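Notes to accompany the following structure.
The values are calculated or read from the model by the stated rules, or taken from the named source; none is laboratory data. Note that the structure is a prediction, hence the values are computed from the model and not measured. Here the Cβ positions follow ideal geometry from the backbone for every residue, glycine too, while neighbour counts run over all protein chains shown. All accessible areas refer to the heavy atoms of the entire protein, side chains included, with ligands and DNA or RNA removed. Shrake-Rupley method; radii C 1.70, N 1.55, O 1.52, S 1.80 Å.
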Amino acid sequence: MPRLGVVIASTREGRVGAPVADWFLGRARTHAGFEVEVVDLKAVNLPVLSEPNHPRLKKYTQETTRAWSATVESLDAFVLVTPEYNHSASPALVNALDHLYFEWNYKPAGLVTYGGISGGLRAAQMTKLMLTAFKIVPMVEAVTIPFVTKHVADGVFTPDDAHDKSAKVMLDELVRWTGALRALRS
Ligand SMILES: Cc1cc2nc3c(=O)[nH]c(=O)nc-3n(C[C@H](O)[C@H](O)[C@H](O)COP(=O)(O)O)c2cc1C
């Protein structure tokens, strides 16, 4: 069974990223195409990039980077649950990506984005551009959640039908790409 990391890419106190990720984790586990793991960037707790060597060298000097490398290495696919801040990608996600290189290569990633009227689509486009530098294949199919705060009460995200349907379509596509990319990783 391939291993899917569901990455929570917001780290703020009171973040809605946690309830959105909880909902998505439920969908991913029901889907049953992956063994599913939570990857919470708040818990990963990387400093702003300060490693002296290029990640391609894998000469990591910090324990947090070594642990992060092992986590990403062990995963076959990702779903990035990410907010949009100032029409841009999540800085915690950008920082986490920048810490590594080969560990990301030839793995697929789906995006669950949320925000105000844009549903995080500007962050999605910016993130996708960056993913390609790591040879991560971004899924076309995605989950987009406009007006996210209307769906969160008491720490619980309540989806509408479109969110549930798009999660299933994206997970189906992730399974296909995970299988196809296995050949490039061997
Ligand atoms: C610094 C900051 C910038 C934001 N910029 C945007 C934005 O550009 N587009 C948007 O749709 N929402 C924006 N928002 C609103 C967020 O979508 C909303 O606060 C959401 O809850 C953020 O996700 P989080 O709670 O997981 O951190 C911004 C929020 C913050 C805190």
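For residue 98 and residue 176, the FRET efficiency from 1/(1 + (r/R0)^6), where r spans their Cβ atoms and R0 equals 25 Å, is about 0.35.
Restricting to DSSP loop positions (anything but H, G, I, E, B) with no more than 13 other Cβ atoms inside 10 Å of their own Cβ, which trypsin sites (Lys or Arg not before Pro) remain in segment 78-141?
Hits after loop and neighbour filter: nothing returned.
Would any residue of segment 40-61 have its amide N under 17 Å from a label point 7 Å out along Cα→Cβ of residue 3? List them or say none. Backbone N within reach: 40-41, 44.
Using a 1.4 Å probe on the protein chains only, how many percent of the accessible area of the chain belongs to carbon and sulfur?
Percent of accessible area from carbon and sulfur atoms in the chain: 58.
Entry note, the chain: the mean residue ellipticity at 222 nm calculated from DSSP H runs of n ≥ 4, each adding -39500 (n - 2.57), is -13000 deg cm²/dmol after division by the residues and rounding to the nearest 500. With 32 Å as the limit on Cα-Cα distance, the pairs of 59/168; 128/165; 42/150 that go past it are 59/168.
Given segment 73-146, report the % of alpha carbon pairs whose separation exceeds 14 Å. Tail of P(r) above 14 Å: 55 percent of Cα pairs.
The residue list 93, 61, 47 was ranked by how far each Cα lies along the charge dipole of segment 1-94 toward its positive end, using unit charges on Cβ atoms, and 61 comes out on top. Membrane-span-like helices in the chain (whole DSSP H runs, Cα extent of at least 18 Å along the helix axis, mean Kyte-Doolittle hydropathy of at least 0.0): 121-133. Rg and Dmax of the chain, based on Cα coordinates, read 15.6, 47 Å.
Taking every protein chain into account, the accessible area of segment 53-95 amounts to 47 square angstrom per residue (probe 1.4 Å). Using DSSP, restrict attention to beta bridges with both residues in segment 71-186 and report what percent are antiparallel, rounded to the nearest 5. That works out to approximately 20 percent antiparallel.
When the charge dipole of the chain is built from unit charges on Cβ atoms (+1 for Lys and Arg, -1 for Asp and Glu) and taken about the Cα centre, the candidate among 17, 123, 159 whose Cα reaches farthest toward its positive end is 123. Taking 20 Å as the straight-line reach from the Cα of residue 58, the lysines in range (excluding those fewer than 8 positions away in the same chain) are 107, 135.
Projected over every direction and averaged, the convex hull enclosing the alpha-carbon atoms of segment 107-158 yields 4.0 nm².
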